[in-house]
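Right, one structure below, let's go through it.
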Amino acid sequence: MGKSDIWLTIAIPTYNRCDLLRQTIESVLNQRIDGIEVIVSDNASTDSTKAMMEKFCQESDIRYFCNSENLGMDRNFLNCLQKARGEYIHLLSDDDILLPGAVEKIMSLIEQEKPDYINLNSYTYSTDEYNPDDKKPPRIKLDRDIVTNNKNLYMKYLGVYITYISATVIKRNNIIKIKNPEKYFDTHFLHAHLVLDSLKDKESKVIITKEPYLAAKNNNSGGFDLYDVWIKQYKNLLLNTAVRNGFDYKLMKQIYINDVNGFIRDSILKYRVTHNTYGMKYTRLLFQCTYMYPQIWGRTYIYAILPRCIVKKIYLYNEKKKLIKKRELHKTGER
């Protein structure tokens, strides 16, 4: 692997998630093997993170960095990437769990395939304390690992999961060659922009794993405006950065339209009627960024413009249907 003795850096950016961070770090330390390092970049947490990390550092060789002030999410991501010493860097969110055996499998993929990028499959969990017995189907449904140089093929499989931070395992040399990564600050997707920039070479090799390597904490995001990030910034990621790096424009446009009419629409519906940590004041961005796509008008606009009382009835009706379907599936499974 060259001069470095470190094959893989597991880099964890964190802010005010002490209890969740503890679970994340333990999931890594429980499977430590030679050739990896673990770093934590603390974005000036005000909870007990620093005290907990000082104890971890006494008991292990974790490298801990605490910013003097909150730099913002993207700057902290870049801080992780710049401080990493491994040949490859795995960005791991502070609320996700690295499943048993995942480190060994990642190292094996690196050794055998020498990829430019690995996207790790995952499943979700919703409880405060991760339960290893509560396993769910992987979020990306595959019948085998995808190993390809065809960038449009892997984007067909990935779609929105190109933005999932914990799925990201990237070759360090490809990242440090990117000029002015600061241009992606305040997009909330710095890591995804850098991945796409690093894969502009036609020969770049990508792996998407069939099996889940991660348990991802569900419904634990926020601190930003939903319309700004998932309508404006996500569009820029796909239709500017991806297309500039050789991805097919029609495919990127279709992925964007599908996601606006899918999980983004569902998020607008849900977060207009439930307590959440998202801002939702920039509704105008929905229309400014998507007016040119008629496929979105009748399917998503309605949830943004109808009175909240009507949207709430729609949401409760949909939730009731989901509950009935879940009960029916449960009964079928008991037979």
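Length gain on complete extension for the stretch Asp266 to Met280, per 0.36 nm per residue less the alpha carbon to alpha carbon distance?
3.7 nm
Could you work out which residue, out of Cys66, Cys80, Cys57, moves most in a Gaussian network model of the chain, that is, has the largest mean-square fluctuation with Cα springs under 10 Å?
Cys57
Add -39500 (n - 2.57) for each DSSP H run of 4 or more in the chain, then divide by its residues: what number comes out at 222 nm, to the nearest 500 deg cm²/dmol?
-11000 deg cm²/dmol
How large is the charge dipole for the range 1-62, taken about the Cα centre, if only the Cβ atoms of Lys, Arg (+1) and Asp, Glu (-1) carry charge, to the nearest 20 debye?
100
For Ser108, put the label point 7 Å out on the Cα→Cβ axis and report which residues of the range 176-217 keep their amide N under 17 Å from it.
207-214
Specify the angular offset, from 0 to 90 degrees and rounded to the nearest 10, of the alpha carbon long axis of helix 73-83 from the longest principal axis of the alpha carbons in the chain.
It is inclined by approximately 20 degrees.
Once you sort the root eigenvalues of the Cα gyration tensor of the range 1-86 as a ≥ b ≥ c, which label holds: rounded (a/c under 1.5), prolate (a/b larger than b/c) or oblate (the other case)? Could you put the intermediate results ahead of the total?
Working: a/c = 2.20, a/b = 1.32, b/c = 1.67.
It is oblate, given that a/c is not under 1.5 and a/b is not larger than b/c.
Lys/Arg Cβ at +1, Asp/Glu Cβ at -1, dipole of the chain taken about the Cα centre: which of Val160, Asn131, Ile310 is farthest positive-ward?
My answer, from the dipole projection, is Ile310.
In Å, what Rg and Dmax follow from the Cα atoms of the range 133-230?
Over the range 133-230's Cα set, Rg and Dmax evaluate to 14.8, 44 Å.
Tell me, what % of the accessible area of the chain is carbon and sulfur with a 1.4 angstrom probe?
Carbon and sulfur together cover 49 percent of it.
Among Val229, Gly246, Phe287, flag the residue with its Cα farthest along the positive direction of the charge dipole of the range 177-287, charges on Cβ as +1 for Lys/Arg and -1 for Asp/Glu.
Phe287
Per residue, how many Å² of accessible area does the chain show with a 1.4 Å probe? Walk me through the numbers on the way to the answer.
Working: 16870 Å² over 335 residues.
Ligands and nucleic acids excluded, the figure is 50 Å² per residue.
Charges only on Cβ, +1 for Lys and Arg, -1 for Asp and Glu: so what's the dipole of the chain about the Cα centre, in debye to the nearest 20? The partial results should precede the final answer.
Working: 51 positive and 40 negative charges, 387 e Å.
Dipole of the chain, to the nearest 20 debye: 1860 debye.
Once phi is turned into θ = phi - 60°, what whole-Hz ³J(HN,Hα) does the Karplus curve with 6.51, -1.76 and 1.60 give for every residue of the range 159-172, x standing for Gly and Pro?
Karplus values, whole Hz, x for Gly and Pro: x, 5, 6, 5, 8, 6, 4, 5, 7, 8, 10, 10, 5, 4.
With charges set only on the Cβ (+1 for Lys and Arg, -1 for Asp and Glu), what does the dipole of the range 80-202 come to about its Cα centre, in debye to the nearest 20? Before the final figure, lay out each step's value.
On the way: 18 positive and 18 negative charges, 149 e Å.
Charge dipole of the range 80-202: 720 debye, to the nearest 20.
Near the amide H of Leu91, under 5 Å away, which other amide H atoms are found, from residues 5 or more places off or on another chain, if H is placed in the peptide plane?
Ala11, Thr168, Ile170
Kirkwood Rh over Cα pairs of the range 228-308 into Stokes-Einstein at 20 °C, 1.002 mPa s: D in µm²/s?
Reported coefficient: 163 µm²/s.
Which GluC sites (Glu not before Pro) from the range 45-109 combine a DSSP loop assignment with at most 13 other Cβ atoms within 10 Å?
Qualifying residues, ordered by number: Glu69.
Could you sort His275, His191 by accessible area so the largest value comes first, with the probe set to 1.4 Å?
His275, His191
So which residue, out of Asn236, Asn180, Asn79, gets the largest mean-square fluctuation from a GNM of the chain using Cα contacts under 10 Å as springs?
Evaluated over the chain, the most mobile residue of the options is Asn180.
Compute the longest continuous run of the chain that contains no exposed chymotrypsin sites (Phe, Trp or Tyr not before Pro); treat a site as exposed when its DSSP state is not H, G, I, E or B and it has at most 16 other Cβ atoms within 10 Å.
1-184
Just Asn174, Asn131, Asn149 to compare: in a GNM of the chain, with alpha carbon springs under 10 Å, which one fluctuates most?
Among Asn174, Asn131, Asn149, the largest GNM mean-square fluctuation belongs to Asn131.
Through the Karplus equation 6.51 cos²θ - 1.76 cosθ + 1.60, θ set to phi - 60°, convert the phi angles of the range 29-37 into ³J(HN,Hα) values in whole Hz; use x for Gly and Pro.
5, 5, 9, 5, 9, 4, x, 10, 10
The values are calculated or read from the model by the stated rules, or taken from the named source; none is laboratory data. It should be emphasised that the depicted structure is a prediction, and the values quoted were computed from it without experimental measurement. Virtual Cβ from ideal backbone geometry, glycine too; neighbours counted across all protein chains shown. The area values use the complete protein model at the heavy-atom level, side chains included, leaving out ligands, DNA and RNA. Shrake-Rupley method; radii C 1.70, N 1.55, O 1.52, S 1.80 Å.
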